[in-house]
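Here the structure comes first, spelled out in structure tokens, and everything after it is commentary.
Values in this text are rule-based calculations from the coordinates and carry no lab data. Just so you know, these numbers come straight off a predicted model, no measurement behind them. Reconstructed Cβ throughout: ideal geometry from the backbone, glycine too, with neighbour counts over all protein chains shown.
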Amino acid sequence: MWVDLNHGSGFVYGGSRDRAVSDRINGLIDAALVDRQRQQQPRDYLGGSRIGEPCHRKLVYELSHAPVDEGKGFDGRILRIFEAGHTFEALSIRWLRAAGFDLRDTGPDGGQFGFSIAGGRIRGHIDGAIVAGPDIGIAWPALWEHKTLNAKSWSDVVKRGVAVSKPIYYAQLQIYMAYMELGAALFTALNKDTQALHHEVVPFDAAEAQALSDKAVDIILAAAAGELPPRVASNPDFYLCRWCAYAARCWSATQ
Ligand code: SF4
């Protein structure tokens, strides 16, 4: 026997009432995520994932914990995207292991593998290392890095390769290989719209890694000295500046 849940209850399912409920719940979720984010200690080091950022000044702002412009902090939507990325990464790990790759994402203590140099001022935490697996033309162990991308971004990586399409990720791979002493990386990109996977072998480029390491030291020294490196552009309309969370601070500075 079916029970008519609407009948006589006074509730009408669907429409503006449900939208109000949905907005209310989403507001609570996002407030909880933002609150949790605020309680986390800000990084007091330059992360390997950020060294490829093209604007040196932006990296100094980040490292110095300069406040972002009003309304430019992480909101609930961005935090949900970050967290969903971790879940997709766990799926990719499971699929690669099922395919025979011995992928290690945590050490004996349960923490991520990583490195810390320059007195802890430069650090990185890798997604994993593959220590054995099917023959894909590289020697094991190899670095493994994973990114979850939307369909447009994923298609561009497939078409142009990670070095051209995503230079910040490429720099991350090079820095991680350098400091983890690994000769190659397997970069995996997951299309979060379709769950299609792209895998790309990236060889270690010692010259590129050295240049990135030198850049990281420059950033640390500039931040320690309270100096602001030159802007990446001569005009605030430059595409990187239009997206930058420090744009108002940056372009109102006298130097
Ligand atoms: S606004 Fe432009 S120049 Fe200034 S920190 Fe941001 S990216 Fe760099």
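Add -39500 (n - 2.57) for each DSSP H run of 4 or more in the chain, then divide by its residues: what number comes out at 222 nm, to the nearest 500 deg cm²/dmol?
Numbers: 9 runs with 113 residues, N = 255.
My calculation for the chain gives -14000 deg cm²/dmol from helical runs alone.
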Summing +1 for each Lys or Arg and -1 for each Asp or Glu, what net charge is found among the other residues whose Cβ lies under 12 Å from the Cβ of V158?
+2
Could you work out the local net charge near D105, counting Lys and Arg as +1, Asp and Glu as -1, over the other residues with Cβ closer than 14 Å to its Cβ?
-2
Strictly over 27 Å apart at the Cα level, which of K58/K159; K152/K215; K166/K192; K72/K159; K58/K166 would you flag in this model?
K58/K159; K152/K215; K72/K159
Sum of side-chain charges, A248 neighbourhood, beta-carbon under 11 Å (Lys, Arg +1; Asp, Glu -1):
0
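How much length would be gained if the chain were fully extended between Q41 and F115, taking 0.36 nm per residue of separation minus their Cα-Cα distance, in nm to one decimal?
Values: separation 74, 0.36 × 74 = 26.64 nm, distance 1.89 nm.
Extra length from Q41 to F115 when fully extended: 24.7 nm.
Going by how many other beta carbons lie within 10 Å of each one, how would you line up I117, I175, fewest first? Let's see the in-between values first.
On the way: I117 17, I175 26.
Placing the least packed residue first, the sequence is I117, I175.
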Under 5 Å between amide hydrogens, which residues at least 5 positions from G128 or on another chain qualify, with H placed 1.01 Å from N in the peptide plane?
W144
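For the range 6-104, which GluC sites (Glu not before Pro) are in a loop by DSSP, counting at most 14 other Cβ atoms within 10 Å? Intermediate results must be reported in sequence, preceding the final value.
Values: sites: E62, E70, E83, E89; in loops: E70.
Of the GluC sites (Glu not before Pro), the ones in loops of the range 6-104 whose Cβ has at most 14 other Cβ atoms within 10 Å are E70.
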Distance (nanometres) between label positions extended 7 Å along Cα→Cβ at V34 and D214
4.3 nm
What distance in nm separates the two pseudo spin-label positions at V131 and N235, each 7 Å out from Cα along the beta-carbon direction?
5.4 nm
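Mind giving me the FRET efficiency for S16 and I168? R0 is 45 Å, r the Cβ-Cβ distance, nearest 0.05 is fine.
Numbers: r = 43 Å, r/R0 = 0.95.
Once the sixth-power term is evaluated, E becomes 0.60.
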Between the range 141-190 and the range 41-96, how many Å separate their Cα centres?
16 Å
Counting only DSSP loop positions in the range 186-255, the chymotrypsin sites (Phe, Trp or Tyr not before Pro) whose Cβ has at most 15 other Cβ atoms within 10 Å are F238, W243
Spacing of the two label points (7 Å from each Cα toward its C-beta) at A90 and D156, in nm:
3.0 nm
